[in-house]
Amino acid sequence: MKPDYLNGTDLLIEQPENMYHFNSDTELLGRFLRLKKSDDVLDIGTAAGALLLYASTMNPRSLTGIDLFDEVVETARKNCEMNHICADIEKFRLQDYPGNKRFTAILCNPPYFQTENKELISKDPIKAAARHEINLPSDDLFSNVRRLLKDNGTFYLVHRASRLMEILRTAEKYDMYAYRMRLAYQSQNKEGKSVLLAFSFSKQRELKVEAPVFLDQHDTFGGERR
């Protein structure tokens, strides 16, 4: 299999045909991160490891990734090894991840779709888990981030722009408040496609709304679309 370059970097990534491939949302979140060298990072639903690779460019203290499938975990490990990146990648459902280690930065490009019509869900369990909230509804995501994130930590999330208010309400249930936000549009005359958010536990931080991204004006954004 010929590896691809991870957009905007000189890092290589292999993406098997049967797995979820990184897309513009992955790259948007990777570029939205602001990590420190003292950070311990957890990537939830690491897939082929694209977000871990983006995070590695900021040289955090440690990188951890979790996913649901052995095949996916092995691919992410291989991609990190190919780029000489040290990361601990394990098979875990987030809800079952042990709480003995906590993190200062948690990243997630979660499944977005709340499909009630089961016929629309992929028969492939890997792709179904990547796209539909079968294994990770929003409440489970935020409650477990609350459990695993240190008090001074940041949760970085990319989601559907159309679900912004729901996401903010769910976050507040778990004492998490957005302090950075950026919207992405396919083009200037389209509705918002994606929203990037950084959350902390502080109510006092003002929300900084950053300049929008128009995907049709950037050659680098690409890959598989959801």
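Considering region 40-63, and only residues there that are of a type in the set (Ser, Thr, Tyr) and in contact with a Gly (Cβ under 6 Å, 6 or more places away or on another chain), the residue that is nearest to residue 5 (Cα to Cα) turns out to be 54. A residue that is in contact with a Pro (Cβ under 9 Å, 6 or more places away or on another chain) and either within 19 Å of residue 70 (Cα to Cα) or part of a loop (DSSP other than H, G, I, E, B) (or both) can be found somewhere in region 29-36. Residues that are among the hydrophobic types (A, V, I, L, M, F, W, C), open to solvent by 30 Å² or more (accessible area, probe 1.4 Å) and in contact (Cβ under 8 Å) with a residue 24 or more places away in the chain occur in region 66-80; there is at least one.
Residues in region 41-91 that are on the phi > 0 side of the Ramachandran plot and touching a Ser or Thr at 6+ places or on another chain (Cβ under 9 Å): 47, 49.
Among the residues of region 97-131, the ones that are open to solvent by 60 Å² or more (accessible area, probe 1.4 Å) and at pLDDT 95 or above come to 1 in all.
So, of the residues in region 202-221 that are farther than 26 Å from residue 154 by Cα and outside any loop (DSSP other than H, G, I, E, B), which turns out to be modelled with the lowest pLDDT? It comes out as 217. Considering region 147-174, and only residues there that are open to solvent by less than 10 Å² (accessible area, probe 1.4 Å) and not β-branched (Val, Ile, Thr), the residue that is modelled with the lowest pLDDT turns out to be 159. Contact annotation: residue pairs with Cβ atoms under 8 Å, 6 or more positions apart or on different chains, pairing a residue in region 33-61 that is under 19 Å from residue 91 (Cβ atoms) with a partner that is open to solvent by 10 Å² or more (accessible area, probe 1.4 Å) and assigned to a strand (DSSP E or B), are 41/62; 41/63; 41/104; 43/63; 45/67; 46/67; 47/67; 52/63. Here residue 76 meets the list (1) at pLDDT 95 or above; (2) closer than 24 Å to residue 200 by Cα; (3) assigned to a helix (DSSP H, G or I); (4) of a type outside the set (Phe, Trp, Tyr) almost entirely, failing just condition (2). Among the conditions (1) open to solvent by 20 Å² or more (accessible area, probe 1.4 Å); (2) at negative phi, residue 8 misses just one, which is (2).
The values are calculated or read from the model by the stated rules, or taken from the named source; none is laboratory data. In this text, all values refer to a predicted model and were calculated from it rather than measured experimentally. Neighbour counts run over all protein chains shown; Cβ positions are idealised from the backbone, glycine included. Protein only, heavy atoms only, side chains kept; ligands, DNA and RNA dropped before computing areas. Shrake-Rupley method; radii C 1.70, N 1.55, O 1.52, S 1.80 Å.
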